Every structure is written in structure tokens, then in C-alpha cells.
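Worksheet for the structure shown next.
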Amino acid sequence: MHPNPAFRSEPRTCNLNFARERGFGTLSINADQGPLISHIPFILNEAGTEAELHLVRSNPIARAVTAPTPAVIAVTGADGYISPDWYAVADQVPTWNYVAVHLRGTLHPMDHGLMRAQLDKLSSHFEEMLRPKPVWTADKMTKDVLERMMRQILPFRFDIAEVHGTWKLGQNKPDAVREAAARHLNASPVGQETALLTALMLGVRNAE
């Protein structure tokens, strides 16, 4: 995470809400051959103390985690390149503004008998966001096909010990300078969700 405290002042609840709404992140653990990484959907509980996820049996992380294992889930959001010219003041350098939250804790393998309940919970969480589309449920699948597919995946619980967020939005710049950059960013093709990042930059105040 970025070391500047100006970018790390959002409260824990804000960081957790961001991670919960995204529901997708990069899971990483240490292994003998180096870090193992997997991109996973997850569901975060209301208290922000644990997340549920599953992995394909052949996934290297699934094979490695046979007991509680330290892990990190990195959740990224809007990001964009900031040109020094956009500030309209001298002696600026290029940078990249972004939002990211790291959940640090312990990954636990779960009993496979819990797989169906977890699958239903995860699919329901995301299907509800698609309303008024009728909600998909696993009951729509042929029973033997569903059972065969579930045998290929393993459930995990991630206990969250630490939550760290970076909201790098130009808070270290004077308001007028940051807002000038934000207006240019809104039309930039370099980055992801630049309109959202623009709104976030316009919504913060100078940290000094």
C-alpha cells in the first residue's frame, strides 16, 4: 500500500464496504516456489470479519492450503494516469491515482459438504444485483451435472485480521490543482473507471 498517510485515512468501514461491493479480488499466499496468485469472487460477511470463496481443485492455492494459511486478498477499483500538465502548476511529475484495499488474514479449507450452501450464498449475492432479471439458482441445473461440477471445486473461509486501504486521489495537492487534474482525467482513455475516479478526486479535500 502507498506509504503516504494522506492516502490511507479512510475508515475501516469504508474500506470494507468497498471490498464488499466489489466482491472480486486477487488472492495470494506464499509458497516454496514463490507467491501463488488466483483471481476470485468472494462474499464478505456483514461484520467484515470473514469472507467465503471457492477454488477449483486443480488451482495451486487449493492444493497448497490443506491447513490454515496466511493469505492476502487485494481488491482494486478505479485507477488512472495523471499527466503533470493537467495540474496547470510548475514542477509536477506523472503519477497514477487509484483505489485499492488489502484484506490480510488466514485462509482455511472448509468441509466439502458446505460447498452447495456456499455456492448458493455466493450466486444469490451477485444475482440480486441484477434484478429485475429473474434470479438464477442452482436448482435450475440438472442434478447430476451440478454434483459433477461441485466435485471440482473446494470451499474456503478467509478470516480477516487486518484491513488496509489506499485512496490515492491527489489529497496531497491544493484543492484547485487536484480538481483541474480531475477534469482532464474524466476524458482520459488511460485507466479504468476514470469517470468514477474523477468523482472521487472532486469529492475529497486537501489533506494538508
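Here, each number is a calculation from the coordinates, and none is a lab measurement. Values in this document were obtained by computation on a predicted structure and should not be read as measured data. FYI the Cβ positions are ideal-geometry reconstructions off the backbone, even for glycines, and counts take in every protein chain you see.
Remark on the range 5-199: hydrodynamic radius 18.9 angstrom, per the Kirkwood mean of 1/r across alpha carbon pairs.
Please build a GNM for the chain, connecting alpha carbons under 10 Å apart, and tell me which residue among ALA117, ALA51, ALA62 fluctuates the most. Taking springs between Cα atoms under 10 Å, the residue moving most is ALA117.
Annotation for GLU127 and ARG57: the two label points, set 7 Å from Cα along the Cα-Cβ direction, are 2.5 nm apart. Per-residue ellipticity at 222 nm computed for the chain from its helices equals -8000 deg cm²/dmol, with DSSP H segments shorter than 4 residues left out and the rest contributing -39,500 (n - 2.57).
Ordering ILE82, VAL204, ALA161 by Cα displacement along the dipole of the chain toward the positive end leaves ALA161 in first place; charges were set at the Cβ atoms of Lys, Arg (+1) and Asp, Glu (-1). The value of relative contact order for the range 1-75, using C-alpha pairs under 8 Å at least six residues apart, is 31 percent. Between ASN172 and VAL145, full extension at 0.36 nm per residue minus the direct alpha carbon distance yields a gain of 4.3 nm.
Once you keep just the Cα pairs under 8 angstrom separated by 6 or more residues, what percentage relative contact order results for the range 41-101? About 23 percent, as a whole number. Reducing the range 151-181 and the range 7-46 to their Cα centroids gives an inter-centroid distance of 9 Å. Taking label points 7 Å from Cα along the Cα-to-Cβ direction, THR49 and ARG8 give a separation of 2.5 nm. Short-range pairs are left out: with C-alpha atoms under 8 Å and at least six residues apart, the relative contact order of the range 5-199 is 29 percent. Measuring how big the range 97-208 is from its alpha-carbon positions, Rg and Dmax come out at 21.3, 62 Å. Highest mean first, the peptides 32-43, 11-22 sorted by other C-beta atoms within 10 Å per residue fall in the order 11-22, 32-43.
Placing +1 on each Lys and Arg Cβ and -1 on each Asp and Glu Cβ, with no other charges, gives the chain a dipole about its Cα centre of roughly 340 debye. Residues of the range 67-85 falling in the label zone of ASP32, defined by backbone nitrogen less than 12 Å from a point 7 Å along Cα to beta-carbon, are absent.
Computed from the C-beta positions of VAL89 and ASP120 and an R0 of 45 Å, the FRET efficiency is 0.25 to the nearest 0.05.
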